[in-house]
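Reading through the structure tokens given below for one structure.
The values are calculated or read from the model by the stated rules, or taken from the named source; none is laboratory data. Predicted model only: the values in this text are computed from it and were never measured. Because the Cβ atoms are built from the backbone with ideal geometry, glycine has one as well, and the counts that use them run over all protein chains shown. For accessibility, only protein heavy atoms count, side chains too; no ligands or nucleic acids. Shrake-Rupley method; radii C 1.70, N 1.55, O 1.52, S 1.80 Å.
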Amino acid sequence: MKKFEMNLYNTEETQAFAEKLAGKLWPGAVLLLEGDLGAGKTTFTKGLAKGLGVKRTVNSPTFTIIKEYQGNLPLYHMDVYRVSDSDEDLGFDEYFEGEGVTVVEWAHLIESQLPIERLEISIFHRGDNERRIEVVSAGEQYERLCEEIFK
């Protein structure tokens, strides 16, 4: 596992970083998003969606748990904040092993169901618009991705 970090100074930079990342992803890629409420998890996902060619408006799936969007690759956007039992089988593995890119907000709440290989992204407030992004790659494919994105 390797850790990469960067500061992003506004919403546009956050979305641009996610859009750049999207261009390097593959079917079955799993991204885990952590951060306080309002940290920018959904903003990040909007940029990712744009980079994947999604045309629909992306918003948080807080009350539906999973939203699916079609683009160059499908985007599966999960918000598991309201999942009450971390061991409840909700079929997440079908998404993790599917043909699209899966983004999971509040992923620590379903830790036992997450794939071992993944990209863990934490977003931290550093002022009104500034954010600190920490990315941990778990797996060789994700390490190569990060080395390319962060060079």
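Against the condition of a type in the set (Val, Ile, Thr) and modelled with pLDDT under 95, how does Val58 come out, does it pass? Break it down into steps so the answer makes sense when it comes.
Values: of a type in the set (Val, Ile, Thr): yes; modelled with pLDDT under 95: yes.
It is true that Val58 is of a type in the set (Val, Ile, Thr) and modelled with pLDDT under 95.
Across region 114-143, which residue is nearest to Leu31 (Cα to Cα) among those that are in contact with a Phe, Trp or Tyr (Cβ under 6 Å, 6 or more places away or on another chain) and at pLDDT 90 or above?
Of the residues in region 114-143, the ones in contact with a Phe, Trp or Tyr (Cβ under 6 Å, 6 or more places away or on another chain) are 115, 119, 130, 132, 135.
Still in the running and at pLDDT 90 or above: 115, 119, 132, 135.
Working: Pro115: 10, Leu119: 5, Arg132: 17, Val135: 10 Å.
The residue in question is Leu119.
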key: Scan of region 47-60 for residues that are closer than 28 Å to Glu130 by Cβ, open to solvent by less than 90 Å² (accessible area, probe 1.4 Å) and either free of Cβ contacts under 8 Å to residues at least 24 places away in the same chain or not in a loop (DSSP other than H, G, I, E, B) (or both), ordered by number   = Gly47, Leu48, Ala49, Gly51, Val54, Val58, Asn59
inquiry  = Tell me the residue from Glu143, Glu134 that is outside any helix (DSSP H, G or I), charged (D, E, K, R) and surrounded by 15 or more Cβ atoms within 10 Å (Cβ to Cβ), please.
reply    = Glu134
request  = Determine whether region 16-34 contains at least one residue that is over 17 Å from Gly71 (Cα atoms) and part of a loop (DSSP other than H, G, I, E, B).
outcome  = no
ask   = So His77 fits all but one of (1) surrounded by 12 or more Cβ atoms within 10 Å (Cβ to Cβ); (2) in contact (Cβ under 8 Å) with a residue 24 or more places away in the chain; (3) within 15 Å of the chain's Cα centre (by Cα); (4) assigned to a loop (DSSP other than H, G, I, E, B); what number is the exception?
value = (4)
request  = Assess whether His108 counts as being surrounded by fewer than 16 Cβ atoms within 10 Å (Cβ to Cβ) and under 17 Å from Phe44 (Cα atoms).
outcome  = no
key: Single unsatisfied condition, Gln70 versus (1) under 28 Å from Lys2 (Cα atoms); (2) at pLDDT 90 or above   = (1)
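Does Glu5 satisfy the criteria of being at pLDDT below 95 and surrounded by fewer than 17 Cβ atoms within 10 Å (Cβ to Cβ)? Full working, then the answer.
Values: at pLDDT below 95: yes; surrounded by fewer than 17 Cβ atoms within 10 Å (Cβ to Cβ): yes.
Taking the combined requirement at face value, the residue satisfies it.
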query = Do we find a residue being at pLDDT 90 or above, in contact with a helix residue (DSSP H, G or I) (Cβ under 6 Å, 6 or more places away or on another chain) and farther than 18 Å from Ala16 by Cβ anywhere in region 95-107?
reply = yes
